[in-house]
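Participant: First the structure, which I've put down as structure tokens, then a few questions once you've had a look.
We did not get these values from a lab; they are worked out from the coordinates using the rules stated. Bear in mind that the values here come from a model prediction, so they are computed numbers and not experimental data. For neighbour counting, all protein chains shown are included, and Cβ atoms are generated from backbone atoms with ideal geometry for every residue, glycine included.
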Amino acid sequence: MLVSLYPWIKALHVISIIAWMAAMFYLPRLYVYHMEEVERGTPTDEMFQRMERKLLKIIMNPAMIASWIFGLLMVATPGMIDWGSVWPWVKAAAVIAMSGMHGWLAAHRKKIASGDGALPGRSYRIANEVPTLLMIVIVISVIVKPV
């Protein structure tokens, strides 16, 4: 059954990954502007908090969940992955790291909202590069399948 649905599962996986990555690239950028340009307690601060919360809750979380569901369905499809190769393990490690980064960003949304423990904008600017690096590892693992 999964074999016949594989193209649909793969398409839905790619769609959910695109949505997840878009949010993963945008949320830390919002944090940078929030920390560097916005005064706490102002209407702009409230607007940024609302944008960050909605991006996380309405787009990023559902996209990550869908990515995991469709990805696991692809993994469960018989004969589609050669677990004797290195690439699926590298991809799995990078996906777990990406999920960890997702959690880190979610935790920092709460810190920014509470005003307790938020980092300077430069730290979020650096963190903004992590999803890009992980995405590169994931795409090369899946497309090139080195070793």
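Participant: Could you state the angle between the C-alpha long axis of helix 130-143 and the longest principal axis of the C-alpha atoms of the chain, as a value from 0 to 90 degrees rounded to the nearest 10?
Facilitator: 10 degrees
Participant: Okay, moving on. Measure up LYS57/LYS111; LYS91/LYS111; LYS10/LYS54 against 22 Å on the Cα-Cα distance and list the ones that go over.
Facilitator: Correct reply: LYS91/LYS111; LYS10/LYS54.
Participant: Of MET60, MET35, MET47, MET1, how do they rank once you tally other Cβ atoms within 10 Å and put the fewest first?
Facilitator: So the residues, fewest neighbours to most, are MET1, MET47, MET35, MET60.
Participant: Springs between alpha-carbon pairs under 10 angstrom, Gaussian network model over the chain: which of ALA19, ALA66, ALA76 fluctuates most?
Facilitator: Between ALA19, ALA66, ALA76, it is ALA76 that shows the largest mean-square fluctuation.
Participant: How big is the stretch 2-117 on each of its three principal axes, counting only the C-alpha atoms and giving the largest first in Å?
Facilitator: So the extents along the principal axes, rounded to whole Å, are 56, 25, 17.
Participant: If you don't mind, there's one more thing I want to ask. Excluding ASP116 itself, what net charge comes from residues whose Cβ is under 15 Å from its Cβ, given Lys and Arg +1 and Asp and Glu -1?
Facilitator: +3
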